[in-house]
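J.: So that we are looking at the same thing, I have put the structure below in structure tokens.
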């Protein structure tokens, strides 16, 4: 099984080391969210509400710092991956023949999804999955800016205290015999370090920023020339004079996909245009 990690335009294909195990077994867009932590004592799901924890008390990748006790302290939204959701009716790996209801404390966190960019029933559809990296609207609205947090490291990520934030540990089977864990950590953590992932997404964000500048010389020239040529300039310039700045984003992603590190890991980044720049898919 391969995974695509999906940002609004960023996709990755990775070989899932647990897929064979799964095959042999028969059997929410807001930016505020509680800081959720799980320990594995039966029936316990601990939550820290935003009223007690805010983005100033959390490190860059979600490590919880001492809480602010002052009730008058201004609170801020806490970011999480709004693509993920929880599922409590699934096949437990310890009881592979039974699909049963579990308590909320043992709910699976669904962090990867079917490859909607491939025809349903095709080999690519069956062999790949998508991990979506969300767009962060609180950083800027002027251009698409995607989360640089490896899934599971977001400030309000669902945490399993025993397993940590950087290791994908499957516990159950759901969605056509796919493996999922208890936390927000996705299979991407088996292929990327925190630093590697941040560098990749940062480079995409920087290219998006350059391509989306409203008052750039390209936009101003295009505006005037399009008015004088009744729209003919845009068609001519894109083919014979100067490329559209957004094409530079596409070229950058194509170069990333050709890097040995991507090919060795069987990873591919999808064009952001295919997802409308709403997330990066891998």
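J.: Within the stretch 137-148, can one find any residue that is within 20 Å of residue 266 (Cα to Cα), surrounded by 17 or more Cβ atoms within 10 Å (Cβ to Cβ), modelled with pLDDT of 90 or more and in contact with a helix residue (DSSP H, G or I) (Cβ under 9 Å, 6 or more places away or on another chain)? Explain how you work it out, then say what you get.
T.: Restricting attention to the stretch 137-148, the residues satisfying the condition of being within 20 Å of residue 266 (Cα to Cα) are none.
No, the conditions are met nowhere in the stretch 137-148.
J.: Any idea which residue in the stretch 153-170 is nearest to residue 196 (Cα to Cα), counting only those that are out of contact with any strand residue (DSSP E or B) (no Cβ under 8 Å at 6 or more places or on another chain) and surrounded by 18 or more Cβ atoms within 10 Å (Cβ to Cβ)? Spell out how you get there, then give the answer.
T.: So in the stretch 153-170, the residues out of contact with any strand residue (DSSP E or B) (no Cβ under 8 Å at 6 or more places or on another chain) come out as 153-154, 162, 164, 166-167.
Cutting the leftovers down to surrounded by 18 or more Cβ atoms within 10 Å (Cβ to Cβ) gives us 153-154.
Numbers: 153: 14, 154: 16 Å.
The residue in question is 153.
J.: Which of the numbered conditions does residue 277 fail, given that it passes all the others? Conditions: (1) under 30 Å from residue 227 (Cα atoms); (2) in a helix (DSSP H, G or I).
T.: Tallying (1) under 30 Å from residue 227 (Cα atoms); (2) in a helix (DSSP H, G or I), residue 277 fails exactly one: (2).
J.: On the given criteria, is residue 215 on the phi < 0 side of the Ramachandran plot, outside any helix (DSSP H, G or I) and surrounded by fewer than 13 Cβ atoms within 10 Å (Cβ to Cβ)?
T.: On the way: on the phi < 0 side of the Ramachandran plot: yes; outside any helix (DSSP H, G or I): yes; surrounded by fewer than 13 Cβ atoms within 10 Å (Cβ to Cβ): yes.
In short, yes.
The values are calculated or read from the model by the stated rules, or taken from the named source; none is laboratory data. These figures come from a predicted structure and were not determined experimentally. Every residue, glycine as well, gets a Cβ built from its backbone with ideal geometry; the counts of neighbours run over all protein chains shown.
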